[in-house]
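One structure is given here, and the rest of the page talks about it.
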Amino acid sequence: MSNIVKKRKLLRDKITKYLSNDKSNFEDFKSYFIDNDFILSEINNEKFDILTFTIENIKYENESAYSLIKFIYVEFEYKNINYTIVIKDIPKTPLFSAIVRDKLNIADYLLSLKAKIYYINSKNLNIFEYINEYYLEKK
């Protein structure tokens, strides 16, 4: 396993653990992040996006989760919030992921960063078509 793959796995594990523990200390997470010198171009690739991963692993939308999303966006210095990443043939965007998981405060934050509600993803779907294609039961 390469060093980058290990770093990605460690960060994913740390985020998952942080999000699953109500008593997690955000300062501890920030220290871990800074001490390990994570770089967006090393963590994200064509099959993984740390922001989308974090949004999709939020079980309860609370202040801890909201702070983590803001921290990741700022620390990784995202230049654009309107992008698609295809994971297991599903074209995901941070905003679409927040909306379909009912993380509306996160979605509102992403909109404040200029996420476009009318964004068309890489499969040429808007949010309504995306929900219909991937999240509504077919009869």
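The values are calculated or read from the model by the stated rules, or taken from the named source; none is laboratory data. Keep in mind the model is a prediction, meaning the values are calculated, not measured. Note: ideal-geometry Cβ built from the backbone for every residue, glycine included; neighbour counts use all protein chains shown. Note: areas computed on protein heavy atoms with side chains; ligands, DNA, RNA excluded. Shrake-Rupley method; radii C 1.70, N 1.55, O 1.52, S 1.80 Å.
About its Cα centre, what dipole magnitude does the chain give when the only charges are +1 on Lys and Arg Cβ and -1 on Asp and Glu Cβ, stated in debye to the nearest 20?
Values: 22 positive and 20 negative charges, 73 e Å.
Dipole size: approximately 340 debye.
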Over the chain, what is the relative contact order in whole percent, taking alpha-carbon pairs under 8 Å and six or more residues apart? 20 percent
Computing the accessible area with a 1.4 Å probe over protein heavy atoms, can you report the carbon and sulfur percentage for region 3-88? 48 percent
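Determine the calculated [θ] at 222 nm for the chain from helices alone, applying -39500 (n - 2.57) to every DSSP H run no shorter than 4 residues and normalising by the residue count; nearest 500 deg cm²/dmol.
Values: 8 runs with 76 residues, N = 139.
Result for the chain, helices only: -16000 deg cm²/dmol.
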Residues of type lysines that Lys6 reaches as a straight line, Cα spacing below 23 Å, ignoring anything fewer than 8 places off in the same chain: Lys14, Lys17, Lys30, Lys47, Lys88
Taking the Cα atoms of region 3-134 alone, what are Rg (to one decimal) and Dmax (as a whole number) in Å? 14.4, 42
So what does Tyr66 come to for accessible area, using a 1.4 Å probe and Å² rounded to 10? 60 Å²
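At most 16 other Cβ atoms within 10 Å and a DSSP loop assignment: could you name the GluC sites (Glu not before Pro) in region 25-98 that fit? Let's see the in-between values first.
On the way: sites: Glu27, Glu42, Glu46, Glu56, Glu61, Glu63, Glu75, Glu77; in loops: Glu46, Glu61, Glu77.
The qualifying sites are Glu46, Glu77.
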